[in-house]
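What follows is a set of notes on a single structure, which appears directly below.
The values are calculated or read from the model by the stated rules, or taken from the named source; none is laboratory data. Note that the structure is a prediction, hence the values are computed from the model and not measured. As a convention, Cβ positions derive from the backbone with ideal geometry for all residues, glycine included, and neighbour counts pool all protein chains shown. What goes into the accessible areas is simple: the full protein's heavy atoms, side chains included, and nothing from ligands, DNA or RNA. Shrake-Rupley method; radii C 1.70, N 1.55, O 1.52, S 1.80 Å.
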Amino acid sequence: MTSFDASAGGARPSRRRFGQRFGYEESSALLFLLPVMTVLMAVAVFPILYSLYLSFFDVKLTRPNRMPFVGLDNYVELFEQPLFWTSVERTVVFTVISVTAVTVIGLLVALLLNENFRGRRLLSTIILIPWAIPYVADALMWKWIYDSGYGALNGLLYQLGFIDKYMVWLGDQHKTIWLIANAFVWKEVPLAAILLLVTLKSIPEDLYQAAKVDGATLWRRFVHVTLPAMRPGFMLVLIYETMVAIRHFDLFFVLTEGGPGNASHTLSWHIYVETFRSLSFGTGAALAYILALITFGLAYLIIRTVGRSR
């Protein structure tokens, strides 16, 4: 910070002394922020740095007094595991299915709620109910729906004549990821719809009037006016839903526990197995950082592709 020297006609700046760098207001603000920063360091920054530290050691709870330094061996060992690449494949499939469905259905719901019709407020309230339900409760509900003995899905399809006997839905390796993604989409669509609806409301009406004057049809107005103007909303939805999907754990834990076989063995489930079942904290920490880097990389890619201006 600088001040002007009066003896030099106010033209020559002079630096403040070190002790005068912060005024009373700045010092008071730092004093009030100190407890918050201390708690943040204790509950967020320190665990992140400590887990990074653990990822370079062979840490197992079965031998807590021996922690040999292994450097990048934990990461190399993971890359050599076939199960790791299987979990990456399952994670990619689940993320692509879920984020695509959430974005498309959320857009359709947002377009519906953007219209004026009787009962729109009531419909908006009802749509928000799935989002308000915790993930564990959501998973238990869908587990009952998918149940092979008394599930609502079997009962409905049997009554409609689509199946001639009750099926074990979560026991089919080819359907498991799709069924879990369905439960995820049901939970996440309301939030995506609200975010996209806010973006829709912010589009100036003058753009639509100008397009009408130019003779643009409804479809052309949607493609050339609505979709480009909704780019910020799409970017926000894609980033958030991708981060949630790629790190998701609750539905896999309650519905299938990674099964049947390895059909739903995703990266988040692999981290849980390595850390809390194999008690290998070093490998689990390395897996967590691999997942974090993948998440940040995808977020950066979405920002560069969807968020860039035309």
Any chance region 162-173 includes a residue that's assigned to a loop (DSSP other than H, G, I, E, B), open to solvent by 80 Å² or more (accessible area, probe 1.4 Å), touching a residue at least 60 places away in the same chain (Cβ under 8 Å) and under 22 Å from Leu267 (Cα atoms)?
-> yes
Per the filter on region 75-102, residues of a type in the set (Asp, Glu) and open to solvent by less than 30 Å² (accessible area, probe 1.4 Å) are none
Please tell me if Leu61 is of a type in the set (A, V, I, L, M), modelled with pLDDT of 90 or more and under 29 Å from Leu279 (Cβ atoms).
-> no
Take the residues in region 261-310 that are basic (Lys, Arg) and either open to solvent by less than 60 Å² (accessible area, probe 1.4 Å) or outside any helix (DSSP H, G or I) (or both), then tell me which one is modelled with the highest pLDDT.
-> Arg308
Criterion violated by Val70 - all others in (1) open to solvent by 60 Å² or more (accessible area, probe 1.4 Å); (2) of a type outside the set (D, E, K, R); (3) over 24 Å from the mean Cα position of the chain (by Cα) satisfied | (1)
Ile203 being β-branched (Val, Ile, Thr), part of a loop (DSSP other than H, G, I, E, B), in contact (Cβ under 8 Å) with a residue 12 or more places away in the chain and under 21 Å from Leu108 (Cα atoms) | yes
Is it the case that region 135-155 has a residue that's without any contact (Cβ under 8 Å) to a residue 24 or more places away in the chain, farther than 30 Å from Glu89 by Cβ and part of a helix (DSSP H, G or I)?
-> yes
Val109: touching a residue at least 24 places away in the same chain (Cβ under 8 Å), touching an Asp or Glu at 6+ places or on another chain (Cβ under 7 Å) and either open to solvent by 40 Å² or more (accessible area, probe 1.4 Å) or in a helix (DSSP H, G or I) (or both), yes or no?
-> no
